[in-house]
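The values are calculated or read from the model by the stated rules, or taken from the named source; none is laboratory data. Please read all numbers here as calculations on a predicted model, not as lab measurements. Cβ sites come from the backbone with ideal geometry, for glycine too, and all protein chains shown count toward neighbours. For accessibility, only protein heavy atoms count, side chains too; no ligands or nucleic acids. Shrake-Rupley method; radii C 1.70, N 1.55, O 1.52, S 1.80 Å.
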Amino acid sequence: MKKQHKQLLLTIIIIAILFYADPVFAGPGGTVAKGLFKTWWGKLLMTLIAIIFLPVIIYMKTIEYFAVKKTKKQLAQIGIKNKDFSWLNLEKNVYNIFTRVYVAWNNEDMKEVKDYVNHWYWQNQQQVHLDKWKEENLKNVSNLESISKIKPLYLEISEEENYEGSKIAFSITANIEDYLVNRDTREVVYGKKGYNDEEKIWIMEYTEGKWLLDDIREGEFSLAFAKLLNVVPDFNSKGVLNRN
């Protein structure tokens, strides 16, 4: 087991070094697809890493598989009481919000999704990123082609009435492109044109009967979320909180 942990740590360090070799600038959450892994050499490098660390990758995927399975089971129980937590409704909501946010980012106007993100996220992304890039004469390009996977990794279920304030971390794999261009020359300044499959961690918060985007993390954090113990109060078979 210690050997596995050392392998995992080494993998994370290597990937982190490579992952942050290029600047991080655009896209929802303030990041752009890293240019290194979009090149031919970058893809070859990722293939070699996958082959060398295959046992570790299998270990990571196994942990994630059981985390998702357990989380869906707990959501099914909660969904008995509140349909907003049932998987079919959750998946539909996350798909809708993910799609809308990418459109708003490409239009450089987070007001378009003010009903789908919380106030902190809306203010942070508009002022810290989009407005700043406009001042620098940069145009943000964030296009979404398709969403292939939506998986719940981690739950924090509130004991408040109707589960107000609960949070869920989702792993979302989508075919996207993110980059910044100069508005006058149309030259790509950061990132690279072209679609790639990328994993993002989207954290959603249940507020006043709606799911709102609270934060976005990069995909390499998926294992960290999957290894967390879900915070779920004690519910009976009908999804009602048992109180002592």
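Couple of notes before you dig in:
- Here the label points at Asp234 and Glu136, each 7 Å from Cα along the C-beta direction, are separated by 5.3 nm in the simple model.
- Alpha carbon convex hull of segment 141-244, volume per residue in cubic angstrom: 128 Å³
- Whole-number accessible area per residue in Å² for segment 68-188, which is evaluated in the context of all protein chains at 1.4 Å: 50 Å²
- Charge tally in the Cβ shell below 15 Å around Asn89, where Lys, Arg are +1 and Asp, Glu are -1, Asn89 excluded: +3
- At R0 = 25 Å, FRET efficiency that the Cβ-Cβ distance of Glu218 and Lys72 yields, to 0.05: 0.60
- Spin-label model, Tyr95 to Ile51: label points 7 Å out along the Cα-to-beta-carbon direction sit 3.7 nm apart.
- Only Lys, Arg, Asp and Glu carry charge here, each on its Cβ (+1 for the first two, -1 for the last two); on that basis segment 116-164 has a dipole of about 480 debye about its Cα centre.
- Accessible area in the full protein assembly, largest first, 1.4 Å probe, for His119, His129: His119, His129
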